Amino acid sequence: MSAQLDLVIFGGTGDLSTRKLLPALFQLHRHGLAGRLHRIVASGRSELDLEDFHASVKSNLHAFLPAGSWSEEVWDTFRQRLCYTAINAGSAEGYHALGKLLDEGEAPARLFYLATLPSLYGEICQQLQAAGLVNGDSSVVLEKPLGHDLASCREINEQVSRVFAENATFRIDHYLGKETVQNLLALRFGNPLFQPMWNNTFVSNVQITVAEDIGVEGRGDYYAKTGALRDMVQNHLLQVLSIVAMEPPASLKPTDIRDEKMKVLRCLEPITAANVKERTVRGRYDAGAVDGKAVKGFLEEAGYQDAEGTETFVAIKASINNWRWAGVPFYLRTGKRLSRRYSEIVIEYRRQPFSLFANDPNELTNKLVIHLQPEETISLHTLNKKPGLTHRLRLQPVELHLTDDSQARGDSYDAYERLLLDAINGDQTLFMRRDEVETAWHWIDSIIAAWEENGTPIKKYISGTMGPNASTALVAVDGRAWYE
Ligand code: BG6
């Protein structure tokens, strides 16, 4: 691997770059982790003067860096790495100017980060190649969404693969960059304590919740055509599920980990018109209040008046048909304008076959609760004796916290810092391989087709609640409740 690398960001003045990529790069620079990174070349459609570009990056960093991260001194050195060049994705001119800029820098390796509309990915790759900018040490990062369904995803992958080999293609799912998602690998495969009980003999069900309190935030065009299933389940929830459910990999090498995740995705039981009614719930938020503030309903928000067919909430009862997980439901749910922002995985263990204790209600089960955000913590819910003379042998729940203080503070780093660092260093472990993304789309497409065939209704829910009542019913029919 060559020593120095130039990073070129397409969509360099867009929302993702402003909120996530540039702050993450600043942080890597500040922590001295961006060693291999030589220059950052942002590109956008507008012609911008470098001074103006720097001024706008500076003010955005002030707005989006975590509190306490700004340093004038760090900015002075960071700024020197930061260039700008205007490129119109479809016209060769800008690519030649980019080529000149890259040649001047003399960094042999190149990483192209595509944070534009995915419909432009093929064109950009082809233009890069035509302009001779893709050398033997070049790779590409692709932001989600990778298509709208399996066919469009395949088309993008095909176009990109004509220019970049699979081992030079980094497909981002920022959930894989979250500390606790990676910690799952350590927890599962570093502790003999959990491994023997990680199966259908001991686990009764798994719940994965990604709840957001924000609404659709003016992403009209994108979200109206997308909905929660495509926006969140196809990628983030299925990636988390595959890490929870995978077999121990042969090693921690990217191929071995991705092979095991892939096997889980292949074992997902298809949801079809025959079972979609019992397996899924679609919802859409109505007006309500979140965090004490009144908020509008989805259809009242600008740009969404005609989006009656778009869900902002989805709950699914998924099954993984393999030896380890047959018979264990994986309940997934995600939605916008829910009561609060949190993401967590709950592994609920089976009850003991016979109880010796008088007070042993259903909710007193062992659970492993993995909080992904806002806290990054793991806790084991166990039972012990209610203390005191008055209670002979009665049970009470106790939580054992398995996280160290820095993780509990939740202030470690942003997922994009982890992922950018890995892409810069050429480590593909936390990126999705082509077959994973396409298999996930295959499963999602079948749900969408089943919704269409059955005319599955979208149930309303009041903003600030945890989704439609039907979501409670989805798990209640199995004698369970969502862990909240
Ligand atoms: C993105 C979705 O991928 O993830 C957004 O497009 C969503 O709709 C976001 O808000 C959630 O990410 P996080 O890290 O804030 O949970």
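The values are calculated or read from the model by the stated rules, or taken from the named source; none is laboratory data. Since this is a predicted model, take the numbers as computed values, not measurements. Positions of Cβ are generated from backbone atoms using ideal geometry, with glycine treated the same way; all protein chains shown enter the neighbour counts. Just the protein is used for accessible areas: all its heavy atoms, side chains included, with ligands, DNA and RNA removed. Shrake-Rupley method; radii C 1.70, N 1.55, O 1.52, S 1.80 Å.
With 0.36 nm allotted per residue and the present C-alpha distance subtracted, the residue 97-residue 71 stretch has 6.2 nm of extension available. Net length available on complete extension from residue 195 to residue 88 is 33.4 nm, with 0.36 nm assigned per residue and the Cα-Cα distance removed.
For residue 460, a cut-off of 24 angstrom between C-alpha atoms picks up these lysines, skipping any fewer than 8 places away in its own chain: 225, 277, 293, 296, 317, 336. Given q = 0.09, 0.17 Å⁻¹, what are the Debye log10 I(q)/I(0) values for the range 1-123, with equal point scatterers placed on the Cα positions and solvent ignored? Listed by q, the Debye log ratios stand at -0.24, -0.87. Backbone geometry of the range 426-438 corresponds, through the Karplus equation with coefficients 6.51, -1.76 and 1.60 at θ = phi - 60°, to 3J(HN,Hα) couplings of x, 9, 8, 3, 9, 10, 8, 7, 3, 5, 5, 5, 6 Hz, x marking Gly and Pro. 3J(HN,Hα) couplings calculated from phi for the range 47-59 with the Karplus curve 6.51 cos²θ - 1.76 cosθ + 1.60 (θ = phi - 60°) are, in sequence order, 6, 10, 6, 4, 4, 5, 4, 4, 5, 6, 4, 4, 5 Hz; Gly and Pro show x. Dividing the C-alpha radius of gyration of the range 360-484 by 2.2 N^0.38 Å, with N its residue count, gives 1.55. Over the C-alpha atoms of the range 201-311, the Rg to Rh ratio, Rh being the Kirkwood estimate, stands at 1.06. Residues whose amide H comes within less than 5 Å of that of residue 328, counting only those at least five positions distant or on another chain, are 320 (H built at 1.01 Å from N in the peptide plane).
The ellipsoid equivalent to the alpha-carbon distribution of the range 40-190 has semi-axes of 26, 26, 15 angstrom, derived from the gyration tensor eigenvalues as √(5λ) and listed largest first.
Each of residue 396 and residue 412 was given a label point 7 Å from its Cα along the Cα-to-Cβ line. The distance between the two points is 3.2 nm. So the label point goes 7 Å from the Cα of residue 442 along Cα→C-beta, right? Which residues of the range 236-268 then have their backbone N under 13 Å from it? Within reach of a label on residue 442: 262-268.
Considering only alpha-carbon pairs that sit under 8 angstrom and 6 or more positions apart, the relative contact order computed for the chain is 18 percent.
Only protein heavy atoms count here; on that basis, with a 1.4 Å probe, residue 456 has an accessible area of about 30 Å². Please identify which residues in the range 175-208 have an amide N closer than 20 Å to a label point set 7 Å out from the Cα of residue 355, following the Cα→Cβ vector. Counting backbone N atoms under 20 Å from the label point, the list is 202-206.
So if we plug the beta-carbon distance of residue 15 and residue 375 into 1/(1 + (r/R0)^6) with R0 = 30 Å, what FRET efficiency do we get, rounded to 0.05? It comes to 0.70. Once the 1.4 Å probe is applied to the protein heavy atoms, the range 1-145 comes out at 45 Å² accessible per residue. Of the solvent-accessible surface of the chain, computed with a 1.4 Å probe and all protein chains present, 51% belongs to carbon and sulfur. On the principal axes of its alpha carbon atoms, the chain extends 78, 48, 46 Å, with the longest extent given first.
Label separation (residue 59 vs residue 117): 2.7 nm, computed from points 7 Å beyond Cα along the C-beta direction. Take the Kirkwood radius over Cα pairs of the range 284-341, plug it into Stokes-Einstein at 10 °C and 1.306 mPa s, and you get 116 µm²/s for translational diffusion. Rounded to the nearest 500, the 222 nm mean residue ellipticity of the chain from helices alone is -10000 deg cm²/dmol, with -39,500 (n - 2.57) taken per DSSP H run of at least 4 residues. Per residue, the accessible area of the range 197-241 comes to 27 Å² when a 1.4 Å probe rolls over the protein heavy atoms.
Treating r as the C-beta distance of residue 459 and residue 104 and R0 as 45 Å, the FRET efficiency rounds to 0.20.
Leaving out same-chain residues fewer than 8 places away, which lysines sit with a Cα under 16 Å from that of residue 58? Excluding near neighbours in sequence, the set is 20.
Based on every Cα atom in the range 14-86, Rg and the maximum pairwise Cα distance Dmax equal 11.6, 32 Å.
Label separation (residue 185 vs residue 306): 4.5 nm, computed from points 7 Å beyond Cα along the C-beta direction.
The length gained by stretching the chain between residue 449 and residue 222 to full extension, at 0.36 nm per residue less their Cα-Cα distance, is 79.7 nm. Computed from phi, the 3J(HN,Hα) profile of the range 276-283 under the Karplus parametrisation 6.51, -1.76, 1.60 (θ = phi - 60°) reads 4, 5, 7, 9, 9, 9, 10, x Hz, with x in place of Gly and Pro.
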